[in-house]
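The structure appears below as C-alpha cells.
The values are calculated or read from the model by the stated rules, or taken from the named source; none is laboratory data. Predicted, not measured: the structure shown is a model, and the values here were computed from it. Neighbour counts run over all protein chains shown; Cβ positions are idealised from the backbone, glycine included. What goes into the accessible areas is simple: the full protein's heavy atoms, side chains included, and nothing from ligands, DNA or RNA. Shrake-Rupley method; radii C 1.70, N 1.55, O 1.52, S 1.80 Å.
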Amino acid sequence: MSAAPPVFLGSEVVEKHLHRASLLIPSLEAALANFSSGAEGGVVQPMRTVVPVQKYSGFLGVMPAYSAKDDALTTKLVTFYEHKKDSSVPSHQAIVLLFDPRNGSLKAFLMPADSEVLCILGAGVQAYSHYEVFTEQFSFKEVRIWNRTKENAVKFARSVKGPPVQVCSSAQDAVTGADVIITVTMATTPILFGEWIKPGAHINAVGASRPDWRELNDEVMKNSVLYVDSREAALNESGDVILSRAEIFAELGEVVKGTKPALREKTTVFKSLGMAIEDTVAAKFVYDSWSAGN
Ligand SMILES: NC(=O)c1ccc[n+]([C@@H]2O[C@H](COP(=O)([O-])OP(=O)(O)OC[C@H]3O[C@@H](n4cnc5c(N)ncnc54)[C@H](O)[C@@H]3O)[C@@H](O)[C@H]2O)c1
Ligand SMILES: O=C(O)[C@@H]1CCCCN1
C-alpha cells in the first residue's frame, strides 16, 4: 500500500488550529522535561546543523527530533538572514516536516508571580508572539518596548491587542525597574547591560543564536542564575554563554521535572536557543487537530 500523499498546512491553517500560542504550553513543558530526562525521556534530538551562507549573510538550520512519548518525528528547516531594511521577506523562514514514525512516510508540512513591569527589546516576529503569551499568562501593570528602529516599536504598540504598550526611546529606559525583560533581537553585540537590571529580575534571552553573537553583556551573564533549554546547545551555539564563560545552573526541563529549583528571588536568565523537539510537539498538535476536524 502506498503512503497517503502529504498535506500542506500553511500559516492560516496553523493559526486556526493553534489560535493561541499558549495552547502549546503543556506539551512544551512535557517536551522540555522529557528532553532533560536522558534516555528514559524518549527524546532523540541531535545538535542542529547550521550551514552558513556567507555570501548573503545567512544561515540554514536543520533541526531533527523524535519524541517516543508523543510518537512524533519531525525535521524543521529554517533559514535566518541578517535583516535588510528594504527586504520584503521575513528574516526567518521555516518549514516543519512531520513524518509518520511507524514507517517514515511524510504526513504533513508545517510553517510555523508577581511581576509588574514587562520590557521587550526588539519589535519583530518574536516580540509579537512573546507579548501575546506573556500578557495572556501574567498580569503586568506596565508593558514597555524598545526597538532599534523606533517606528517599528510605535507600530507594535499601535497594533497589539491587549494591555497598552509604552514605547521607550532607549533600551536603558525600557529596562530600568523592569521585572521581566525579553530580548528578541537580531543583535550580534550586547544590547542589555547588567548595570541597568533590577536585582531579582528575570531575563528571557531569545536572540543571539550563534557562538560569536551576543545580546547580553558579561555582567548580565555572570550576575544571574543561568537556565538554558539544552546544555549541549548552549555550550556550542550561544555566544552569551560561551564568551562570558557563565556557569549553567539548570536546563528548563529539570525545573519542570522538579530536579532543579526555580530561584525566583534571584536575578535569572533563561537563554533560549530553540529546540527541534518544541517543533515536534507543535507540529503534532496542529496536525492532530487538523485531522480530527477534517
Ligand atoms: N530561541 C528560540 O527559540 C528562537 C526562535 C526563533 C527566533 N529566535 C531568535 O529571536 C530573534 C528575533 O527573531 P524575529 O523572528 O523576531 O526576527 P525579526 O527579524 O522579525 O526581528 C528582529 C528585531 O531585531 C531588531 N534588530 C536587528 N538588528 C539589531 C541590532 N543589531 N541591535 C538591536 N536590535 C536589532 C530589529 O529591529 C527587529 O525588531 C532572532 O535572533 C532569532 O534568531 C529564537
Ligand atoms: O529554534 C529556532 O527555530 C530558531 C532558528 C533560528 C535561530 C534561532 N533559533
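So is LEU118 within 21 Å of SER224 (Cβ to Cβ), assigned to a strand (DSSP E or B) and modelled with pLDDT of 95 or more or not? It is true that LEU118 is within 21 Å of SER224 (Cβ to Cβ), assigned to a strand (DSSP E or B) and modelled with pLDDT of 95 or more. Among the residues of the stretch 65-111, those identified as farther than 18 Å from VAL286 by Cα, open to solvent by less than 50 Å² (accessible area, probe 1.4 Å) and not hydrophobic (A, V, I, L, M, F, W, C) are THR79, SER87, SER91, GLY104. Set side by side, the residues LEU24, LEU18 differ, and just one is closer than 17 Å to LEU98 by Cβ and open to solvent by 30 Å² or more (accessible area, probe 1.4 Å), which is LEU18.
Inside the stretch 184-241, can you point out the residues that are on the phi > 0 side of the Ramachandran plot and in contact with a helix residue (DSSP H, G or I) (Cβ under 7 Å, 6 or more places away or on another chain)? Full working, then the answer.
The first filter runs over the stretch 184-241 and keeps only residues on the phi > 0 side of the Ramachandran plot, leaving 200, 208.
Answer for the stretch 184-241, where residues must be on the phi > 0 side of the Ramachandran plot and in contact with a helix residue (DSSP H, G or I) (Cβ under 7 Å, 6 or more places away or on another chain): just ALA208.
A count restricted to the stretch 125-140 and to residues that are open to solvent by 40 Å² or more (accessible area, probe 1.4 Å) and under 17 Å from PRO90 (Cα atoms) stands at 4. Restricting attention to the stretch 263-284, the residues that are out of contact with any strand residue (DSSP E or B) (no Cβ under 6 Å at 6 or more places or on another chain) and open to solvent by 60 Å² or more (accessible area, probe 1.4 Å) total 2.
I'd like the residue in the stretch 183-203 that is among the polar types (S, T, N, Q) and within 14 Å of ligand 2 (Cβ to nearest atom) and, out of all such residues, is most open to solvent (accessible area, probe 1.4 Å).
THR188
Assessment of the stretch 30-45 against the conditions (within 12 Å of ligand 2 (Cβ to nearest atom) and either at pLDDT below 95 or more than 16 Å from the chain's Cα centre (by Cα) (or both)) yields at least one matching residue.
Among the conditions (1) at pLDDT below 95; (2) out of contact with any Pro (no Cβ under 9 Å at 6 or more places or on another chain), LEU106 misses just one, which is (2). Out of curiosity, is GLY122 within 16 Å of ligand 2 (Cβ to nearest atom), over 25 Å from LYS16 (Cβ atoms), surrounded by 21 or more Cβ atoms within 10 Å (Cβ to Cβ) and within 15 Å of the chain's Cα centre (by Cα)? The answer is yes for GLY122.
Just the residues that are β-branched (Val, Ile, Thr) and either part of a strand (DSSP E or B) or in contact with a Pro (Cβ under 7 Å, 6 or more places away or on another chain) (or both), please, taken from the stretch 170-227. Steps first, answer last, please.
So the first thing to find is which residues in the stretch 170-227 are β-branched (Val, Ile, Thr), and the list is 175-176, 180-185, 188-189, 191, 197, 203, 206, 220, 225.
If the condition is that a residue be β-branched (Val, Ile, Thr) and either part of a strand (DSSP E or B) or in contact with a Pro (Cβ under 7 Å, 6 or more places away or on another chain) (or both), then VAL180, ILE181, ILE182, THR183, ILE203, VAL225 are the ones that fit.
Determine, yes or no, whether MET63 is closer than 30 Å to HIS202 by Cα and part of a strand (DSSP E or B). Give the steps one after another, and end with the answer.
Details: closer than 30 Å to HIS202 by Cα: yes; part of a strand (DSSP E or B): yes.
Yes.
Could you count how many residues in the stretch 27-56 are open to solvent by 40 Å² or more (accessible area, probe 1.4 Å) and of a type in the set (S, T, N, Q)? Count: 2.
Check whether at least one residue in the stretch 244-253 is assigned to a helix (DSSP H, G or I) and away from ligand 1 (no atom under 16 Å from the Cβ), and report yes or no. It would help to see each step written out before you state the result.
Taking the stretch 244-253 and keeping what is assigned to a helix (DSSP H, G or I), we get 244, 252-253.
Cutting the leftovers down to away from ligand 1 (no atom under 16 Å from the Cβ) gives us 244.
Yes; the residues of the stretch 244-253 include at least one that is assigned to a helix (DSSP H, G or I) and away from ligand 1 (no atom under 16 Å from the Cβ).
Restricting the search to the stretch 90-103, which residues are in a loop (DSSP other than H, G, I, E, B) and either more than 24 Å from ALA208 (Cβ to Cβ) or more than 10 Å from ligand 1 (Cβ to nearest atom) (or both)? Lay out the reasoning, then the answer.
Here is the first cut: in the stretch 90-103, the ones in a loop (DSSP other than H, G, I, E, B) are 90-91, 100-103.
Answer for the stretch 90-103, where residues must be in a loop (DSSP other than H, G, I, E, B) and either more than 24 Å from ALA208 (Cβ to Cβ) or more than 10 Å from ligand 1 (Cβ to nearest atom) (or both): ASP100, PRO101, ARG102, ASN103.
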